[in-house]
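Coordinate-derived values only; no laboratory data. What you are looking at is a predicted structure, and each value in this text was computed from that prediction instead of being measured. Every residue, glycine as well, gets a Cβ built from its backbone with ideal geometry; the counts of neighbours run over all protein chains shown.
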Amino acid sequence: MFQEIEERLASTIQRELASRFQLDLKVSLEQPKQSSFGDLAIPVAFQLARELKRSPRQIAGEISNVLVDIPGVSSFEIAGNGYINVRLKRGGYARSLLFAGPSKTAASSGKTIVEHTNINPNKAAHIGHLRNAVLGDTFARMLRQRGRTVEVQNYIDNTGVQVADVVVGFHFLEQKSVAEVRELISNPALRFDYLCWDLYARVSNHYKEHPGSLDWRAQTLHEIEAGTGELAEIGHLVADAIVALHLKTMYRLGIEYDVLPRESEILHLKFWAAAFELLKQREAIYFETQGKNAGCWVMPSTAFRNATGEDGDDSKVIVRSNGTVTYVGKDIAYQLWKFGLLGKDFYYRPWSAYPDSHEIWVTADVPFVDKPPQFGRASHVFNVIDSRQSYLQDVVVAGLRALGFDEQADASIHFSYEMVALSPRTCVDLGIELSEEDRRRAYVEVSGRKGLGVKADDLIDKLIETALGEVIDRHPDADPEERKKVARQIAVGALRYFMLKFTRNSVIAFDFHEALSFEGETGPYVQYTAVRAANILRKYQERWNAPPAFDQVLSEELLNRCLENEGLWQLLLLASKADSAIERAISSGEPAHVAKYAFQLAQAFNNFYHEHPVIAEENAERRIFLLWLTTYVRDQLLRTLNVLGIEQPPYM
RNA sequence: GCGCCCGUAGCUCAGUUGGAUAGAGCGUCUGGCUACGAACCAGAAGGUCGGGUGUUCGAAUCACUCCGGGCGCACCA
């Protein structure tokens, strides 16, 4: 709502300036430094001061003289050294909120793909993967809330080195047959992904101690790519089983996917061959005949970055001298497919359905159903991948550009984020031995190879356990099953908020003590606020009666009177800015802005809660106003929480 | 060596694209529960925004430089 007022005001002022001063410039509004200055600020005098070579304050005076009878505005004031501060007509603004339907959304322009999670299917998910998935899922929710069409993809590298290494572990180290691996997977007493976590670390260690055993990896990779033999079969079993477990872990946090594109289909359907032809035709890559890359197809460095390799040759190998394609090559093919530029498509089969019957599809190399959904062919693509891979993402985009797809290259966004590391204190808690060097660091990097890290499910379990303890304390008589459900909701709220409160490019030094906190700037704080608001609404009905039709009872005059109170007005104004916050977070690519907004709104409401008892209010008109304000703030808070993927528990 | 990111209160972090007196949470100290549930609220102390130079009406924000930390720079993914 706020956004619409803001836009209308900006264009009105722009028109006035154009007709009065023959000035053609874009008027932008900003938030005053302090709320006491007003509701909106126009800094346009500063822009003009430069051109007109006159003092901003004088210009501001002339402009504000002209701005009279602007709808919705009660006053303009000149402040500071040239700001024009705007005060809105409070009652009128509140009235418009009463009648506001669903807020207008930007017209959807094509489909947006958000690719996230992308965990190697060879071991359990860890907290770094959680940051990826929560960021991607929240961004997708933000886009959907604002009316965009979104497709969520989770890329599965089921034929890569990491899967091969676990296969090596089962086959060569443990001498296990296909049947035995199958049994491990179906054994309900085991956590297969945890077992693979340890096995993967053991295999990595074995390679280090017996470098000759790397032949096992080569043999396994070869068989997996060919798709036949016992090793390939184990590979498929492992990857599918782990993917299922990853999806289960993510679903605990409310994270769902639309489609799982797999590397095996990219191979079998010869996606790379199609991309290779394109790249050769357009001369985006060339065959190197000399130097260290002799015999390879390479992309010249001039295409992507002014980087210089350690030894001077900085071109990027796309096809190895043995004829196999690198990861980047495959990724270029995949990125082309996402935009519908490859001239090839996958087949699909249903993988499973979520409880709400939303289906998740997986790629297939043969036709499976008559009319599968249409995937890919997007106009915008966001790849949620950690910032350590930015170099490779640059190469992929350069590939598109070299093929002449500038528009799609521009629409390919590397939605990067910094890693989640461990605080030294948490390492000690986990019994991880630290070197002298590590002890002095602010954080310690996790390592899948070393099996060093915090597993996602362990963290979620621990959060639930902690939350349940608190819930039991506060509600000793409540239904145990419901208490568990509440504890789960609180745990998810705490975890998702924790992953979102940091901006993307700050490294999170994961600390158990902080992550398990439910006080202060946390998800549970916001949830608690929503619960309080809901309690007021419930108890109001018990004490009085069903709330009246607000738009009938709350006249503009009454609203004006009630909103003379600065605190109440500021709360209403802030609550009306939910969509602005989401839109700002989309344009800046920073979900943390929505998290911050949710916290601020919760804070403002908690302050209101202490200062203004609703149910005990004796004046009936005023009581209804306070009830409406509570209802409105609560609705906005729930909308915001929904975007963050956080639920409101029935009680806390 | 080259590229990217970071440096803001004791700690963890924001800072709306260059604007008004730099903000939150945690921690410390003070006060507030017979309840719309204190997972809360109010208040206090705490900063030369890593250092320097520059750009201009105006810089935490932009440029240059130095210092300190992180991550990349494979015929791995």
Take the Cα coordinates of the stretch A:67-148, assign each an equal point scatterer, and use the Debye formula without solvent to give log10 I(q)/I(0) at q = 0.14, 0.16 Å⁻¹. -0.77, -0.82
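For a quick check of your reading of the filter: which GluC sites (Glu not before Pro) in the stretch A:438-471 sit in a DSSP loop and have no more than 12 other Cβ atoms within 10 Å?
Numbers: sites: A:E445, A:E465, A:E470; in loops: A:E445.
Counting only loop positions with at most 12 other Cβ atoms within 10 Å, none of the GluC sites (Glu not before Pro) in the stretch A:438-471 qualifies.
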Could you give P(r) for chain A, binned at 20 Å from zero, as whole percent values over all Cα-Cα pairs? 16, 43, 31, 10, 0
Among DSSP bridges having both ends in chain A, what percentage is antiparallel? Round to the nearest 5. 55 percent
Can you give the percent of C-alpha pairs in the stretch A:523-643 whose distance is more than 23 Å? 31 percent
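In what sequence do A:I464, A:I332, A:I127 fall when counting other Cβ within 10 Å, fewest first? Walk me through the intermediate numbers first.
Numbers: A:I464 20, A:I332 31, A:I127 23.
Ordered by Cβ neighbours within 10 Å, fewest first: A:I464, A:I127, A:I332.
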Within the set of other residues whose C-beta is less than 12 Å from the C-beta of A:K455, count the net charge using Lys and Arg as +1 and Asp and Glu as -1. -2
Provide the per-residue ³J(HN,Hα) series for the stretch A:327-342, in order, calculated from phi with Karplus coefficients 6.51, -1.76, 1.60 and θ = phi - 60°, each as a whole number of Hz, with x at glycine and proline positions. 4, 4, x, 4, 5, 5, 4, 5, 5, 4, 4, 4, 8, x, 9, 7
Test of understanding: express the Cα radius of gyration of the stretch A:245-340 as a ratio to 2.2 N^0.38 Å, with N the residue count. 1.36
What area, in nm² and to one decimal, does the C-alpha convex hull of the stretch A:2-88 cast on average over all directions? 5.1 nm²
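What do you get when you divide the Cα radius of gyration of the stretch A:371-422 by 2.2 N^0.38 Å, with N the number of residues? Please list the in-between numbers first.
Numbers: Rg = 13.6 Å, N = 52, 2.2 N^0.38 = 9.9 Å.
In units of the globular-protein estimate, the stretch A:371-422 measures up at 1.38.
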